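> Quick one: structure below, then a few questions.
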Amino acid sequence: MTPPTPATISWPLASRDIWLPGEHPQPPEQRREVEELLAIEAALLDAGETRRWLELLTDDVLYWVPLAWNATSPAEQLNLVYDDRQLLSDRIYRIETGDAYSQDPPSRVTRLITNIRCRPSEELADHVIAHSVFCLTETRHERVGTYTGRYSHLLRREEHGLRIARKRVDLTVSDHVLPNLTFIL
Amino acid sequence: MARRSSETLSPLVEQDHVSREIYTDARLFQLEMERIFRNTWVYVGHESQVRHPGDYVTTSLGTAPVILARDEDGELHLLYNRCIHRGATVCQDRRGNANFFRCHYHGWTYRNNGSLTGVPFPRGYGDRIEELKSQGLERVPHLGSHRGFIFAHAGEPARSLSDHLEPADSYLERFTDSVPGGVQLAEPPYRYSYEGNWKYQLENAVDGYHPALVHRSFMKVMGQRTGSERNPYKSEEGPVRVKALPHGHAVLDLMKARTMSARDEDYGDSYLERARMAPGGDALIRELQESLGEEEAARALENVNDFNLAIFPNLMIIQSQIRVLYPVSPSRTELQAWATVGEQAHPLVNQLRLRMQEVFNGPAGFGSPDDLEMFDRCQVGLTAGDVARVPLWRGLDREEVEDDVTIGRGSDETPLRGQYKEWAHLMGSES
């Protein structure tokens, strides 16, 4: 089993991690694998299958939605979301109790993911960094919200394939006035 | 709504009820902006945001955009963010440091104390250029600071800021002194909104009736984590008290509940447990305990969390958070919520204060969004039917008066009655 991701490694930030063609050669099947994983993740989250989504995450996963634009680290700033696996499980359990009124009725979500760029991690063996952009529509009470932003995933090769060791979500409107964001981005 | 005279309003607030119009009526909202937000002390910022000469933040006073700026001499100014020429805003950023504010439409430039320093092609104004220069950016005339909290008054103050805050001063002091070196706002804040009236948030901050009900899902999460769903709100016989202070200020007081946290299975509520929810929380707390000792570590995390204070009309201290409401319309309100840290507190204490905010607050938290959902639902439901009265008399016959403070049980509406008494006083709608 691959050892856990050290807390000290840097968080991938899409806007500061742009490379030119040929700079990060990788096997073509790796890119297909990344694309498939991101599509499966999107399908599970859009379907509200959040417990099954947890199966895509490593045990030491960290999920981060920064509040500040171009934030570099979650520790010393207020974040929209900063969860480990237990908190993600709590987040899902809270909705499952039926008493989380901000998700009653639940959000209906559809997301598109595109502009996928991936490369091997330079800091960690068996890890891939994948940047993508998303456009997500969410409705509740017949109010429609449209969000765009960037996903940056740190993926680890485990026994059954790539798993998500870190996920950061940079919302284009992260530090603006926001409505209810109690669904998983 | 029937047309009302500009001087007096028929009673919209009585001791035991309010009229639903105070939440829904557009004309009353305009009157609130004039008679409350321009005619009492309104919170506009914190000293830690404008510590150095040149520091500024942009905010709003009622619905008006304003700049809170500290000039080179260290003086604070609250300036309307409006060029005196064509009216364009002169400052575009939410915060920063600048000696000058320039309107980019015709290049008029102001110092950070509001005075006009220059106008391109000035000969067109002839001798009257001096008139403009003496005018400068329009300012809010009264600005004061108390224990780090900066308030403005756009009318004629009936009392000084310190007199206005005096009834709440022991709470402000307790908050300010709760961390070494005093509190500092962590930037950026949460910014979020709901489709409901601003007063729902002011009520909710000191409403001890709703937590056991609206926040049941959070309590279940805590219960699953700790093996006990204890919380101080679970019974109306519990240790929580609410207070209506003079001038519309109000308190939800958890002090007694906190001192019970270690021993009382029914009512205790431990913030150490909330800190433990942070990613890597166990290790962070262990490290803090090794550094400060177990008792001091627990105190550092617990002692800011024992009351909610609502300063009428727009400032709320919710445990370690500073929350400010900004009315937009009768049916829309924006909020900003700052986590606070201690200027000289242990770095891990400050990190854990941020983590504790994230778990409950903000647009993706486990608590606040459920409150906001209720405000949205109130705004939709309240317009239905013929009954205009909204009851406000819960606990009226069991509250006690000590000096000029009225004290009720945790779930009673004592604080709301105090808030609406002040509302009616300012609005000229006393019964």
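> Among the residues of segment B:119-140 satisfying the criterion of being more than 16 Å from B:PHE101 (Cα to Cα) and among the basic types (Lys, Arg), which is surrounded by the fewest Cβ atoms within 10 Å (Cβ to Cβ)?
Only one residue tops the list, namely B:ARG123.
> Now a separate question. Taking the condition part of a strand (DSSP E or B) and surrounded by 22 or more Cβ atoms within 10 Å (Cβ to Cβ), does B:ALA152 pass?
Taking the combined requirement at face value, the residue satisfies it.
> Looking only at segment B:326-348, count every residue that is within 12 Å of chain A (Cβ to nearest Cβ) and in contact (Cβ under 8 Å) with a residue 12 or more places away in the chain and tell me the total.
Of the residues in that region, 13 qualify.
> Looking at segment B:407-424, which of its residues are among the aliphatic types (A, V, I, L, M) and in contact with a helix residue (DSSP H, G or I) (Cβ under 6 Å, 6 or more places away or on another chain)?
B:LEU416
> For residues in segment B:101-158 being of a type in the set (Asp, Glu) and modelled with pLDDT under 95, which is farthest from B:LEU426 (Cα to Cα)?
The extreme case among them is B:ASP127.
> Restricting the search to segment B:220-243, which residues are over 26 Å from the mean Cα position of the chain (by Cα) and either assigned to a helix (DSSP H, G or I) or buried (at least 23 other Cβ atoms within 10 Å of the Cβ) (or both)?
Result: B:LYS220, B:VAL221, B:MET222, B:GLY223, B:GLN224, B:ARG225, B:THR226.
> Moving on to the next point. Could you please tell me which pairs satisfy a Cβ distance under 6 Å, a separation of 6+ or placement on different chains, a first residue in segment B:146-165 that is without any contact (Cβ under 8 Å) to a residue 60 or more places away in the chain, and a second residue that is among the small types (Gly, Ala, Ser)?
The qualifying pairs are B:HIS146/B:SER162.
> Could you check, for segment A:147-159, whether at least one of its residues is outside any loop (DSSP other than H, G, I, E, B), within 14 Å of chain B (Cβ to nearest Cβ) and more than 22 Å from A:LEU88 (Cα to Cα)?
Checking segment A:147-159: not a single residue is outside any loop (DSSP other than H, G, I, E, B), within 14 Å of chain B (Cβ to nearest Cβ) and more than 22 Å from A:LEU88 (Cα to Cα).
> Restricting attention to segment A:94-132, which residues are within 14 Å of chain B (Cβ to nearest Cβ) and of a type in the set (Gly, Ala, Ser)?
A:GLY98, A:ALA100, A:SER102, A:SER107
> Is there any pair linking a residue in segment B:210-233 that is more than 9 Å from chain A (Cβ to nearest Cβ) and of a type in the set (Val, Ile, Thr) to one that is surrounded by fewer than 16 Cβ atoms within 10 Å (Cβ to Cβ) and outside any helix (DSSP H, G or I), with Cβ under 6 Å and at least six apart or on different chains, and which?
Partner pairs satisfying both residue conditions: none exist.
> Testing A:LEU78 on (1) without any contact (Cβ under 8 Å) to a residue 12 or more places away in the chain; (2) more than 14 Å from chain B (Cβ to nearest Cβ); (3) touching a Gly at 6+ places or on another chain (Cβ under 9 Å), one condition comes back false. Which one is that?
With (1) without any contact (Cβ under 8 Å) to a residue 12 or more places away in the chain; (2) more than 14 Å from chain B (Cβ to nearest Cβ); (3) touching a Gly at 6+ places or on another chain (Cβ under 9 Å) applied to A:LEU78, the lone miss is (2).
> Would you confirm, using the coordinates I've provided, whether B:ASP404 is touching a residue at least 40 places away in the same chain (Cβ under 8 Å), crowded, with 19+ Cβ neighbours inside 10 Å and farther than 16 Å from B:VAL13 by Cα?
Answer is no for this residue.
The values are calculated or read from the model by the stated rules, or taken from the named source; none is laboratory data. Being a predicted model, the structure only gives us computed values, none of them experimental. Neighbour counts run over all protein chains shown; Cβ positions are idealised from the backbone, glycine included.
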